[in-house]
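Scroll down for the structure; my scribbles are underneath it.
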Amino acid sequence: MTQIAITHMGLCTPLGQEPQQILARLLQGDDSAMCWREDLLFDGPALVGQVDCPLPLIPAALAQYDCRNNQMLLSAAGQLTQAVLDAKSRYGGERIGVVIGTSTSGIASGEAALKYRQQHGVFPGAYHYHQQELGGASEFLSRHFGLTGPSYTLSTACSSSAKVFAAARRLLNADLCDLVIVGGVDSLCQLTLNGFQALESVSSGHCQPFSANRDGINIGEGAALFTLERGSGSLLLAGVGESADAYHISAPHPEGLGAIAAMTAALQDAGLTQADISYVNLHGTATPKNDAMESRALLAVFGDTLPPCSSTKPLTGHALGAAGAIEAAFCCLLLSAHNSQNALPPQLWDGQQDSRDPALPLVQPGQHGPLEYVMSNSFAFGGSNASLIFCRGVNNA
């Protein structure tokens, strides 16, 4: 199979927008991006991971897509502009694809419009359904860059923007595209916060993945974009594994059969053994059932070769449809030249291991690699699972 290179990244996360800043905060275990909001849950405040930087305005010609979700997407896309322009001149706009993962789209704009309608009897004049349509993210990005290649959105809950890597690779290997822009974006809104609250899955404080005291997730937001091309590069997509166990609409299989299948498929796809993996970015949501499942699945796959691992969600919140892409970006930053010391992101938690679950080798502050192959896990509602493996390429050895 053709080698797939990750040639550029664009980021808009709670930890920042600049790669060096994000990496530094990631390695420090900096959770200062988490903040309390009073306007999201109906019955109290919520601790969330919030993007706190000026966002670009949506151009007037694309006003029907105007929402915070697409503003974050545009912020990340701005960092890819020159790369996309160069690719257009080299390949043509019809040979560039766009595959975006999201679960919220601009639903916050729809919430505001419904509130306005309740008060005034009509929707506000600036409201358009494209602002919240799931397919709007990829359509917006294609129109923004003037692209006419394949363009679509994946929405498989928390694995949405991990699965885009598999979709892009298929487009490249089928010779339908020469470059594919992939990534994910999700924004904070009342729908998801109160939905998870109804499931009794929102933490009362700071989430504690794998702790005996864990009581649920913190929700976050953000965007991450990548350009994928055939050939060599400093960062490579080494392997992809997908599975769909369909065990339950919201609960994972208790023994993690779908997670095991995804991780095993990623290893086989990359031609690796379990011992080759240097670090695992865990899905690690801090819900009782997810962490119990994931710890069992990791043990089943890796056994005695379990590598260092951690969940980065205490630093950013769980960005849902954007989580796969944001955490893939973290993995790529760990493998980049910016991380010359092979440092690992520490697990931020209370250190109270749940005796009912297998203990994982969670990263301690100041812990280092070596870093060769890095795995990122995304396990979603409905049993839609994805595992990605990244590695350094010939120019970044």
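The values are calculated or read from the model by the stated rules, or taken from the named source; none is laboratory data. This structure is a prediction, so every number in the text was calculated from the model and none was measured. Cβ atoms come from the backbone with ideal geometry, glycine included; neighbour counts cover every protein chain shown. Side chains are part of the model used for accessible areas, which takes the heavy atoms of the whole protein and leaves out ligands, DNA and RNA. Shrake-Rupley method; radii C 1.70, N 1.55, O 1.52, S 1.80 Å.
Key figures for this structure:
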item	result
Among the residues listed as A359, A329, the single one being farther than 14 Å from T285 by Cβ, open to solvent by 10 Å² or more (accessible area, probe 1.4 Å), touching a residue at least 12 places away in the same chain (Cβ under 8 Å) and out of contact with any Lys or Arg (no Cβ under 9 Å at 6 or more places or on another chain)	A359
Among residues of segment 348-383, those that are in a strand (DSSP E or B) and of a type in the set (A, V, I, L, M, F, W, C), counted	4
Which listed residue, of A166, A157, is open to solvent by less than 10 Å² (accessible area, probe 1.4 Å), touching a residue at least 40 places away in the same chain (Cβ under 8 Å), touching a Leu at 6+ places or on another chain (Cβ under 9 Å) and farther than 22 Å from F42 by Cα	A166
Test: residue in segment 166-175 that is part of a helix (DSSP H, G or I) and either farther than 20 Å from A386 by Cβ or charged (D, E, K, R) (or both)	yes
A244 being within 30 Å of P358 (Cβ to Cβ) and open to solvent by 20 Å² or more (accessible area, probe 1.4 Å)	yes
Failed criterion for D245 (all others in (1) within 29 Å of G351 (Cα to Cα); (2) in contact with a Pro (Cβ under 9 Å, 6 or more places away or on another chain); (3) of a type outside the set (A, V, I, L, M, F, W, C) hold)	(1)
Top-ranked residue in segment 203-244 [being part of a strand (DSSP E or B) and among the polar types (S, T, N, Q); ranked as nearest to L40 (Cα to Cα)]	S211
Residues (in contact with a Gly (Cβ under 6 Å, 6 or more places away or on another chain) and either within 18 Å of P346 (Cα to Cα) or not in a helix (DSSP H, G or I) (or both)) located in segment 288-312	S311
One residue from S75, S32 being closer than 30 Å to G231 by Cα and out of contact with any Gly (no Cβ under 7 Å at 6 or more places or on another chain)	S75
Filtered residues of segment 104-133 (kept if surrounded by 21 or more Cβ atoms within 10 Å (Cβ to Cβ) and out of contact with any Phe, Trp or Tyr (no Cβ under 9 Å at 6 or more places or on another chain))	T104, S105, I107, A108, Q132
Conditions (1) over 19 Å from Q208 (Cα atoms); (2) hydrophobic (A, V, I, L, M, F, W, C); (3) touching a strand residue (DSSP E or B) at 6+ places or on another chain (Cβ under 7 Å): number failed by L360	(1)
Residues of segment 188-214 that turn out to be touching a Gly at 6+ places or on another chain (Cβ under 8 Å) and either surrounded by fewer than 17 Cβ atoms within 10 Å (Cβ to Cβ) or not aliphatic (A, V, I, L, M) (or both), as a count	9
Matching entry among Y116, Y91 (being modelled with pLDDT under 95 and aromatic (F, W, Y))	Y116
Close pairs from segment 135-148: first over 16 Å from G78 (Cβ atoms), partner open to solvent by less than 20 Å² (accessible area, probe 1.4 Å) and assigned to a helix (DSSP H, G or I), Cβ under 6 Å, at least 6 apart	G136/Y65; T148/G93
Among (1) among the hydroxyl-bearing types (S, T, Y); (2) open to solvent by less than 10 Å² (accessible area, probe 1.4 Å); (3) out of contact with any Ser or Thr (no Cβ under 8 Å at 6 or more places or on another chain) - the single one S340 does not satisfy	(2)
Residue in segment 267-283 that is polar (S, T, N, Q), touching a residue at least 12 places away in the same chain (Cβ under 8 Å), in contact with a His (Cβ under 8 Å, 6 or more places away or on another chain) and surrounded by 18 or more Cβ atoms within 10 Å (Cβ to Cβ) present	no
Selection from segment 50-71 of residues that are open to solvent by less than 20 Å² (accessible area, probe 1.4 Å) and within 20 Å of Q20 (Cβ to Cβ)	V51
